[in-house]
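The values are calculated or read from the model by the stated rules, or taken from the named source; none is laboratory data. Quick caveat: nothing in here was measured; it's all calculated off a predicted structure. For neighbour counting, all protein chains shown are included, and Cβ atoms are generated from backbone atoms with ideal geometry for every residue, glycine included. For accessibility, only protein heavy atoms count, side chains too; no ligands or nucleic acids. Shrake-Rupley method; radii C 1.70, N 1.55, O 1.52, S 1.80 Å.
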Amino acid sequence: MFNTRIKVKQLLLAETVGQQVTVMGWVRTFRNNQFIALNDGSTNNNLQVVVELGLLDDATLKRITTGASLKIVGEVVESLGKGQKVELKATTVEILGDCDAEKYPLQPKKHSLEFLREKAHLRFRTNTFGAVFRLRHSLAFAVHQFFNQKGFVYLHTPIITASDAEGAGEMFRVTTLPFDNTPRNADGAVDFSEDFFGKSTNLTVSGQLEGELGAMAFSEIYTFGPTFRAENSNTTRHLAEFWMIEPEMAFFDLEDNMNLAEEFIQYIIRYALEHNLDDLTFLDQRLEEEEKQKPAAERAEFGLLEKLRFVVDSQFERITYTEAIQILLDSPAYKKKKFKYEVGWGIDMQSEHERYLVEKHFKKPVIVTNYPAHIKSFYMRLDDHCEPGKQTVAAMDILAPGIGEIVGGSQREERLEKLQARMKEMHIPEEEMEWYLDTRRFGTVPHAGFGLGFERIVQFVTGMGNIRDVIAFARTPKNCEY
Ligand code: 4AD
Ligand code: MG
């Protein structure tokens, strides 16, 4: 039986001095044939195991290599060495799995993130990725806790769907049709009636539309699941497969929506600060080292912990899109022609613009509202009383320092005729969306919701610069290992 073991985190926390315990884990380092640093993933702190001279024969000692897995029975004693309060004095050491030190890719030294990305199947065993993925777990748990406490229903929206929720056409097709001898209609088009579902289907880009159906019954729901986008963006912020949290609330307007999003983000960050301070402190130091390598002008103004505490304690800035454009037009950056892309009312802001607003102008998270209708999705509510030629929608994006957009959301168009007109304008076939329109036919209500990109918030909280380093196995263009 294995289950009598104590986890390293527990052992280091508790008053265990004097107890006989069994621990299991992987060797990080083995020094002087005497000191094993053992890690079992429960914490970044290794357990120091002392193997007294003469306890093990030479053949066994040789097998205690970095990466090998061990079962150790021993007594917890106070440590004389620096860096730890307690250590384990081994009475038996059993090797569960050998690890050929010559072939093991993780040497006891610092590896680059790029190298570890190539070894993603082993990188959980490093301090950095240990910390990142324990934090990812905590944040996910906090998401559920937040919504559960508020009485939201967790709705599992489908992964395979026949609709394009964002109307952006960036979808992965799901099909069982053969590539050769593909069934075709008289006009030569693929005959999807022969396909598995009898129609054309794809992986979901968002659970929102199905989420809205749930909100029209439960008042408040949220989804938290994988979403897929076949956009060919090779950036540090885009994945082809990412996780999204999408709450949807009946009887909410845009302001209610913003209030909830802000409270939610602060709640999950606070949760991480309260429950994962060890890991955050490790990442804070890691980032500080990394920053030191950069030229002074490019260094971040805040340390990681400082940034997180600030975000939790201060209100997000709220501005309209129109105000945002004016700030950009008035900026020294614009006047000195520092922006690569043009600025003017109607543009879809580029990341350089968003970064200017957040990092240079406000230096805190910013909620931008009321975007021009023509750059936003069909389901967003048209604002009343707009200037001619400047129709806006009740949209809101939350922009975060170092990341850019982390949340996209809106109040939804609850008025049937306006929604139908908008769909027509945007060439969204109504016949395929009757089920969605039914919510506006049968007891429609003002409602709103948003989507938080989970990896983007994990990036924000861990300070990791590349989104590929906060998801276990990243899927990006031309890359799908494991
Ligand atoms: O702004 P988006 O496209 O909004 C929606 O999908 C809405 N249906 C949400 C809603 O109102 N229920 O995406 C929402 C968020 C973005 O703000 C971003 O954080 C993240 O999802 N996101 C991505 N994250 C990683 N990789 C990508 N390719 C992403 N695309 C969007
Ligand atoms: Mg968006």
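Quick rundown of the values:
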| read-out | value |
| --- | --- |
| Single match in 456, 468 (criterion: within 12 Å of ligand 1 (Cβ to nearest atom), of a type in the set (Lys, Arg) and in contact with a Ser or Thr (Cβ under 8 Å, 6 or more places away or on another chain)) | 468 |
| Residue match in segment 70-83 (condition: within 14 Å of residue 39 (Cβ to Cβ), assigned to a strand (DSSP E or B) and open to solvent by less than 40 Å² (accessible area, probe 1.4 Å)) | yes |
| Pick from segment 391-421, criterion among the charged types (D, E, K, R) and within 13 Å of ligand 2 (Cβ to nearest atom), ranking: surrounded by the most Cβ atoms within 10 Å (Cβ to Cβ) | 397 |
| Where a residue in segment 393-411 is more than 16 Å from residue 359 (Cα to Cα) and free of Cβ contacts under 8 Å to residues at least 60 places away in the same chain and its partner, wherever it lies, is more than 10 Å from ligand 2 (Cβ to nearest atom) and acidic (Asp, Glu), with Cβ under 9 Å and at least six apart | 393/383; 393/413 |
| Residues of segment 10-55 satisfying the condition of being outside any strand (DSSP E or B), open to solvent by less than 30 Å² (accessible area, probe 1.4 Å) and free of Cβ contacts under 8 Å to residues at least 60 places away in the same chain | 40, 42, 51 |
| Single unsatisfied condition, residue 250 versus (1) open to solvent by 10 Å² or more (accessible area, probe 1.4 Å); (2) touching a residue at least 40 places away in the same chain (Cβ under 8 Å); (3) closer than 30 Å to residue 219 by Cα | (1) |
| Complete set of residues in segment 208-244 that are within 10 Å of ligand 1 (Cβ to nearest atom), in a strand (DSSP E or B) and under 25 Å from residue 481 (Cα atoms) | 227, 228, 241, 242, 243, 244 |
| Any pair with Cβ under 6 angstrom, 6 or more apart, that starts in segment 186-201 at a residue that is within 14 Å of residue 161 (Cα to Cα) and among the hydroxyl-bearing types (Ser, Thr, Tyr) and ends at one that is modelled with pLDDT under 95 and surrounded by 10 or more Cβ atoms within 10 Å (Cβ to Cβ) | 201/162 |
| Among the candidates 454, 442, residue that is surrounded by 23 or more Cβ atoms within 10 Å (Cβ to Cβ) and either under 28 Å from residue 257 (Cα atoms) or within 16 Å of ligand 2 (Cβ to nearest atom) (or both) | 454 |
| Residues within segment 95-107 that are assigned to a strand (DSSP E or B) and under 10 Å from residue 63 (Cα atoms), tallied | 2 |
| Qualifying residue in segment 158-173 (condition: away from ligand 1 (no atom under 16 Å from the Cβ), in a loop (DSSP other than H, G, I, E, B), at pLDDT 95 or above and over 23 Å from the mean Cα position of the chain (by Cα)) | no |
